[in-house]
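Engineer: Following this message is one structure expressed as structure tokens.
Coordinate-derived values only; no laboratory data. Worth saying up front: this structure is predicted, and the values here are computed from it rather than measured. Glycine also receives a Cβ, built like all others from the backbone with ideal geometry; neighbour counts cover every protein chain displayed.
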């Protein structure tokens, strides 16, 4: 019961003015579910202030927050390892680290720590993945003109007709 009380304090609505009540995203979601504590609280607020509206609380994000390991999946780590000179031994060690990390509470963090320690030069793999992303973007360029099979059949038929006209003399 104490956790519910703590949660309610954390998610407690705050009156901005007579027509606006600041709430968290979680509170707004739960207030729409009949019978929840948030629903009952919102119903009481609406009884006191019928014109009140929910305003979602915005969370300020740190623009300077550094995230060196963004999108660093096992697959991307393996791609980077395959490009190294001693790829075979590194891949064996990588698989071993994955197997050993299974007993950890957070296996991914264990493997990531090994990867970062093994490849200390962060910039090299960031540049590598940026180049990989550029290659994939070129391959999946939506503006590249690719002939459809129908167009190829039409062109082949036109060429065949031209050859037939020349051969028959018509």
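Engineer: Give me the distance in nm between label points sitting 7 Å out from Cα along the Cα-to-Cβ direction at residue 15 and residue 39, one decimal.
Structural biologist: Taking the simple label geometry, residue 15 and residue 39 are separated by 2.5 nm.
Engineer: Cβ neighbours within 10 Å, averaged per peptide: list 103-114, 49-60, 21-32 in order, most packed at the top.
Structural biologist: Values: 103-114: 13.9, 49-60: 11.5, 21-32: 16.9.
Top to bottom by mean Cβ count within 10 Å: 21-32, 103-114, 49-60.
Engineer: If you don't mind, another one. For a protection proxy built on the mean count of beta-carbon atoms within 10 angstrom, sort 38-47, 80-89 highest first, please.
Structural biologist: Highest mean packing first, the order is 38-47, 80-89.
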